[in-house]
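The values are calculated or read from the model by the stated rules, or taken from the named source; none is laboratory data. As the structure is a prediction and not an experimental result, all values here were calculated from the model. No Cβ is skipped: glycine too gets one built from the backbone with ideal geometry, and neighbour counts run over all protein chains shown. Side chains are part of the model used for accessible areas, which takes the heavy atoms of the whole protein and leaves out ligands, DNA and RNA. Shrake-Rupley method; radii C 1.70, N 1.55, O 1.52, S 1.80 Å.
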Amino acid sequence: MKLCIDSADTVKIRALYEMLPVDGVSTNPTILARANRNPYDVLKEIREIIGEDELFVQAVSTEAEKMVHEAERILSALGERTLIKIPCVPEGYKAMKLLSERHIRFIGTAVYTPMQGILAAKCGAEYVAPYVNRIDNMGYDGVHVAGVIHEAIVTNKLTHSGLLAASFKNAQQVLELITLGVKGVTVSPDILEAMLDNASVDAAVTQFQKDFAGLCGPHTMLDC
Ligand code: G3P
């Protein structure tokens, strides 16, 4: 299971990379707009932080051929370990077929329905990104939709593909997808931080420190 950070906040990405076993960073045009800097400046800074890990960058053109040109520019600026995010819309599928022919790695994104995800996998997408929470917000079950795509990929032996489930609003949604055995999840720093924040764990660790101080004073296992 891959764990990616869904953000372009370089301060948070750096901090989370130091703390957690992170596998990559995903962005989208909205995330880049939040950073409010030249997209390539931010993305190059992210590339420096994450080294050769996977970086996901979206093409914004609405025509397939232009998406492919964007993909080539993105790869030349950010390296071969960069995957191009292509929205699962008609022109996007066309772009996916062209990218496949050129052996350019890509992910099918903005996935709200099972068929969108399955078609992207069939077009050669290395990942498919169902928007779990946004599907929930529409009154459907985002985890279920993601699960159906995962199952279809496994059952049909589309082994080049898998889910990079996205758009989470809580840790439970993330946990349910990981339990299904998806290829990866991409999670915002806020959700990752919330996962780490647990008052019961903090209380247990504080009690351990108190008990050890009662035994050995201001020492640790290094010098007691
Ligand atoms: O990568 C897609 C994801 O960023 C969408 O998330 O939170 O805007 O629904 P959200």
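Once you treat every alpha carbon in segment 85-132 as an equal point and sum by Debye, what is log10 I(q)/I(0) at q = 0.13, 0.15, 0.19, 0.32 Å⁻¹? Summing over Cα pairs of segment 85-132 leads to -0.21, -0.28, -0.45, -1.24. Can you give me the Kirkwood hydrodynamic radius for segment 119-224, using every pair of distinct Cα atoms, in Å to one decimal? Computed over segment 119-224, the radius equals 16.4 Å. If R0 equals 35 Å, the separation of the Cβ atoms of His160 and Asp197 corresponds to a calculated FRET efficiency of about 0.40. Around the amide H of Ser7, modelled in the peptide plane, lie the amide H atoms of Ser26, all under 5 Å away and 5 or more residues distant in sequence or on another chain.
Find how much the distance from Asn170 to Lys12 grows on full extension, using 0.36 nm per residue of separation minus their present alpha carbon separation; answer in nm with one decimal. Please report the intermediate quantities before stating the final value.
Working: separation 158, 0.36 × 158 = 56.88 nm, distance 1.81 nm.
Using 0.36 nm per residue and subtracting the Cα-Cα distance, I get 55.1 nm.
Our coupling estimate for segment 125-136, obtained by passing each phi through the Karplus curve with A = 6.51, B = -1.76, C = 1.60 and θ = phi - 60°, is 4, 6, 9, 10, 10, x, 8, 4, 6, 5, 5, 4 Hz, Gly and Pro reported as x.
What is the chain's relative contact order, in percent, from Cα pairs under 8 angstrom and six or more apart in sequence?
17 percent
Springs join every pair of Cα atoms under 10 Å in this Gaussian network model of the chain, and among Thr206, Thr30, Thr179 the largest mean-square fluctuation is at Thr206.
In terms of solvent-accessible area of protein heavy atoms at a 1.4 angstrom probe, what is the ranking of Tyr17, Tyr140, highest value first? Working shown, then result.
On the way: Tyr17 45, Tyr140 150 Å².
Largest accessible area first, the list is Tyr140, Tyr17.
Structure shown: which of Lys2/Lys157; Lys44/Lys183; Lys12/Lys44; Lys66/Lys97; Lys2/Lys85 lie over 23 Å apart, alpha-carbon to alpha-carbon? Kindly include the intermediate steps, with their values, before the conclusion.
Numbers: Lys2/Lys157 20 Å; Lys44/Lys183 25 Å; Lys12/Lys44 15 Å; Lys66/Lys97 13 Å; Lys2/Lys85 17 Å.
As for pairs spanning more than 23 Å Cα to Cα, those are Lys44/Lys183.
A cysteine counts as unpartnered when no other cysteine's C-beta lies under 4.7 Å of its own; in the chain this applies to Cys4, Cys88, Cys123. Between Glu18, Glu54, Glu151, find the one with the highest GNM mean-square fluctuation for the chain; connect C-alpha pairs within less than 10 Å. Looking only at Glu18, Glu54, Glu151, the largest GNM fluctuation is found for Glu18. Computed over the chain, the per-residue total of -39500 (n - 2.57) for DSSP H runs of n ≥ 4 gives a 222 nm mean residue ellipticity of -16500 deg cm²/dmol, rounded to 500. Highest mean first, the peptides 88-100, 192-204 sorted by other C-beta atoms within 10 Å per residue fall in the order 88-100, 192-204. Of the residues Leu164, Leu119, Leu175, the one that moves most in a GNM of the chain with alpha-carbon contacts below 10 Å is Leu175. Using alpha carbons only, how many degrees (0 to 90, rounded to 10) separate the axis of helix 171-180 from the longest principal axis of the chain? Roughly 70 degrees between the two axes.
Legend: P(r) of segment 14-111 from all alpha carbon pair distances, 10 Å bins from 0, whole percents, reading 16, 48, 30, 6, 0. Orientation-averaged projection of the chain equals 14.8 nm² [convex hull of Cα atoms, one quarter of hull surface area].
Can you compute the charge dipole magnitude of the chain about its Cα centre, using +1 on each Lys and Arg Cβ and -1 on each Asp and Glu Cβ, nothing else charged? Give it in debye, rounded to the nearest 20.
Values: 21 positive and 28 negative charges, 131 e Å.
It works out to roughly 620 debye.
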